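Remarks on the structure that follows.
The values are calculated or read from the model by the stated rules, or taken from the named source; none is laboratory data. Keep in mind that what you see is a predicted model, and the values were worked out from it rather than measured. Backbone-built Cβ (ideal geometry, glycine too); neighbour counts: all protein chains shown. Just the protein is used for accessible areas: all its heavy atoms, side chains included, with ligands, DNA and RNA removed. Shrake-Rupley method; radii C 1.70, N 1.55, O 1.52, S 1.80 Å.
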Amino acid sequence: MKILGISAFYHDSAAALIDNGEIVAAAQEERFTRKKHDPGFPSNAVAFCLEYGGLSINELDAIVFYDKPLLKFERLLETYYAFAPKGVRSFLTAMPVWIKEKMFLKRLINEELEKLGYDKKKKKVKMLFPEHHLSHAASAYYPSPYEKSAILTIDGVGEWATASICLGEGKDISILKELRFPHSLGLLYSAFTYFLGFRVNSGEYKLMGLAPYGNPSSPDVKRYEEIILKELIDLKEDGSVWLDQEYFDYATGLKMVNEHKWEALFGFKTRRPEDALEAVHCNLGLAIQNITEEAVVRMAKEAKRLTGADYLCMAGGVALNCVSNGKLQKANIFKDIFIQPAAGDAGGALGAAQAAYHIYFGQERKITWKADAMRGSYLGPTFSDLDVALTAKKYKAHYTYYENFKDLTLEAARLLSEGNVVGWVQGRMEFGPRALGGRSILGDPRNAEMQKKLNLKIKYRESFRPFAPSVLAEDCHDYFDYDGISPYMLLVHPVAESRRKPVPANYGSLDLREKLYFERSDLPSITHIDYSARIQTVHKETNPRYYDLIDAFKALTGYAVIVNTSFNVRGEPIVCTPNDAYRCFMRTEMDYLVVGNYIFDKKQQPEWLEKDNWKEEFVLD
């Protein structure tokens, strides 16, 4: 039974293919079109999945869209009616799009699939539309290693639900409790993302990275928390939130918040993108992060109470909040937690296909994997030596080819140890927002200048943003206060006490830049301002090439950890092909590029004659 899942038309369009319940392929449309968070129909991702699976569209048993468009339209109409006469401008903006396109989504999907060869006359493939939060729940539970599990999904909004608690048992998922629009933890976090000057639906991770720069001992943090809990929301014991809509505009407006009222509440102006970050911004970021963590822990406790399960699965955009996930794990409410690596809407494509297979078609669930069924999340396109050679020929690039990959890892490890920044492209591309050693930019974590160099000269992004460590799974506890696994870079835990360096007594009161470049451990480039790190454990079973590189670095330096960040510049999707990688390499100050068995040295490359400007090509996020 072959099922194609699709998510589209909101943000992070994607496609996923499963065959008899096994995940075959999955990819986001943005990687092909080079438009970050591309919301369009995922024609390229669908074509890739079908090609990788060796199928035509007419050989599919079902095509599954990740939510119910008409139920979403009902929510819009009821919301505008409830808030009338507020929201007229928003209504007039939204309705033409809905009436022209989204209400007739089945027809639109059919038209797009016909362009890819779908012929209804030959065979009419069944089309299904599960609910949004069921797709999220399925994406987390079915690939997990648990026979029975609580499932917690939290995001902005699906049709009506903004969070759900479910029970997964065998092949079935039962929805036990939902939080409904307009009350939403995800939209609350996005509102603060907006107020603090970051782009909604892409800048939330920046807010998470900013929060530790707040001063925990500052009276401002406590005051902001009290304002949020007294004026903006009511946080219930079960983790649900009630949001006072007098302060928010997202339900019927064209902005997230009522800026005038927020500015009066917090005592400072809405920050604009690229404005300087000040202590008030950092302290407010810390306050909302603290409240979000508390809400998630309370929801998890409610999930435990309702299900009695020993394990928890999570998905939805809020499940990408790695700091919150780490705190939840430390709370020991459950024996273990599995978080879908593509927890946002892209992962809904996979969940929709799995929900159809197990729930609609009633197929039994057979757990044949040890850790999870995501294959390290390396589910996207791969490439051949010929692809690399053709890219090199196209750009008249100079390279060294290594017959023996072990020799390449020794050379790459040496380059890293000497302070070079290395682009690393190997095997299948990652599915989800994290680069996990398939499409990564790498550096030496011991190098105190590496964070600054990567942020300002390679990624061209805000200097405060932290970088993640990739560590050999068996060596994790030597570097971090954590002895579990974190293959998908979705957990934040502290750097080991033995590796920390003391900070001055006035550290909390220092400004952002002074804190940023203070050396906090013997791994300064991956140790965040609060001694934390967003850990990726690397496993030989899922990514042997990346494992061998880190192992070679360990043999050379004594350190089994390297800096890992996504292979892209600010506003660009992660690279997909060798061509994408070479273009990004040449337009940044990266030192070396490794693609398969090829190494490209920047100093030996011909002058880059394409005078394109990535800042104009990509919308800054």
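Just to be sure I understand, how many residues within segment 252-268 are in contact (Cβ under 8 Å) with a residue 24 or more places away in the chain, out of contact with any Gly (no Cβ under 7 Å at 6 or more places or on another chain) and either aliphatic (A, V, I, L, M) or surrounded by fewer than 18 Cβ atoms within 10 Å (Cβ to Cβ) (or both)?
Matching residues across segment 252-268 total 6.
Restricting segment 3-24 to residues that are farther than 12 Å from residue 52 by Cβ and open to solvent by 10 Å² or more (accessible area, probe 1.4 Å), which is modelled with the lowest pLDDT?
11
Among (1) more than 20 Å from residue 373 (Cβ to Cβ); (2) without any contact (Cβ under 8 Å) to a residue 60 or more places away in the chain; (3) open to solvent by 10 Å² or more (accessible area, probe 1.4 Å), which single condition is residue 29 missing?
Status for residue 29: all satisfied but (3).
Considering only residues that are part of a loop (DSSP other than H, G, I, E, B), open to solvent by less than 30 Å² (accessible area, probe 1.4 Å) and either without any contact (Cβ under 8 Å) to a residue 60 or more places away in the chain or among the hydroxyl-bearing types (Ser, Thr, Tyr) (or both), which ones fall in segment 550-589?
Residue satisfying the conditions is 588 alone.
Tell me, please, whether a residue that is modelled with pLDDT under 95, in a helix (DSSP H, G or I), open to solvent by 30 Å² or more (accessible area, probe 1.4 Å) and not aliphatic (A, V, I, L, M) can be found in segment 205-224.
Yes, some residue in segment 205-224 is modelled with pLDDT under 95, in a helix (DSSP H, G or I), open to solvent by 30 Å² or more (accessible area, probe 1.4 Å) and not aliphatic (A, V, I, L, M).
Considering only segment 448-483, state which residues are assigned to a loop (DSSP other than H, G, I, E, B), surrounded by fewer than 21 Cβ atoms within 10 Å (Cβ to Cβ) and at pLDDT 95 or above.
481
Please go through segment 65-86 and pick out each residue that is at pLDDT 80 or above and not hydrophobic (A, V, I, L, M, F, W, C).
66, 67, 68, 69, 72, 74, 75, 78, 79, 80, 86
Within segment 269-315, take every residue that is among the hydroxyl-bearing types (Ser, Thr, Tyr) and closer than 18 Å to residue 326 by Cβ and give me the one that is most open to solvent (accessible area, probe 1.4 Å).
Out of the qualifying residues, it is 311.
Against the definition (modelled with pLDDT under 95 and buried (at least 16 other Cβ atoms within 10 Å of the Cβ)), how does residue 320 come out, yes or no?
Judged against the criteria, residue 320 is not a match.
Are any residues in segment 137-189 in a helix (DSSP H, G or I) and in contact with an Asp or Glu (Cβ under 7 Å, 6 or more places away or on another chain), and if so, which ones?
Hits for segment 137-189 are 186, 189.
From 229, 176, 152, which residue is at pLDDT 95 or above and open to solvent by less than 40 Å² (accessible area, probe 1.4 Å)?
None of the other options fit; the residue is 152.
Would you tally the residues in segment 323-345 being assigned to a strand (DSSP E or B) and buried (at least 22 other Cβ atoms within 10 Å of the Cβ)?
3
Which residues, counting only those in segment 385-424, are crowded, with 17+ Cβ neighbours inside 10 Å, aromatic (Phe, Trp, Tyr) and not in a strand (DSSP E or B)?
Scanning segment 385-424 gives 395, 399, 402.
Please list, ordered by first then second residue, the pairs with beta carbon atoms under 9 Å, 6 or more apart or interchain, first in segment 394-418 and within 21 Å of residue 564 (Cβ to Cβ) and at pLDDT below 95, second open to solvent by 30 Å² or more (accessible area, probe 1.4 Å) and of a type in the set (Val, Ile, Thr).
From residues that are within 21 Å of residue 564 (Cβ to Cβ) and at pLDDT below 95, there are no pairs.
Just checking, how many residues over segment 90-132 are part of a loop (DSSP other than H, G, I, E, B), in contact with a strand residue (DSSP E or B) (Cβ under 9 Å, 6 or more places away or on another chain) and over 17 Å from residue 69 (Cα atoms)?
So the count comes out to 2.
Among the residues of segment 229-250, how many are farther than 22 Å from residue 152 by Cβ and not in a helix (DSSP H, G or I)?
Residues that pass the stated criteria total 4.
Might you let me know whether segment 271-284 holds any residue that is in contact with a Gly (Cβ under 9 Å, 6 or more places away or on another chain) and of a type in the set (Lys, Arg)?
yes
Specify which of the listed residues (121, 126) is in contact (Cβ under 8 Å) with a residue 12 or more places away in the chain, open to solvent by 80 Å² or more (accessible area, probe 1.4 Å) and not hydroxyl-bearing (Ser, Thr, Tyr).
Every option except 126 fails the conditions.
Of all residues in segment 84-94, count the ones that are over 15 Å from residue 10 (Cα atoms), surrounded by 11 or more Cβ atoms within 10 Å (Cβ to Cβ) and free of Cβ contacts under 8 Å to residues at least 40 places away in the same chain.
2
What residue, of 437, 427, is surrounded by 15 or more Cβ atoms within 10 Å (Cβ to Cβ), touching an Asp or Glu at 6+ places or on another chain (Cβ under 9 Å) and under 24 Å from residue 375 (Cα atoms)?
Going through 437, 427 in turn, the sole match is 437.
I'd like the residue in segment 352-384 that is touching a Pro at 6+ places or on another chain (Cβ under 8 Å) and under 30 Å from residue 600 (Cα atoms) and, out of all such residues, is surrounded by the fewest Cβ atoms within 10 Å (Cβ to Cβ).
The extreme case among them is 383.
Could you please tell me which pairs satisfy a Cβ distance under 9 Å, a separation of 6+ or placement on different chains, a first residue in segment 64-83 that is over 20 Å from residue 11 (Cα atoms), and a second residue that is among the polar types (S, T, N, Q)?
Short answer, once both residue conditions are applied: 79/252; 80/90; 80/252; 82/252; 83/245; 83/252.
Step by step: first the residues of segment 499-549, then only those that are within 23 Å of residue 562 (Cα to Cα) and aromatic (Phe, Trp, Tyr), then the one that is most open to solvent (accessible area, probe 1.4 Å). Which residue is that?
Step by step, filter segment 499-549, then rank; the result is 517.
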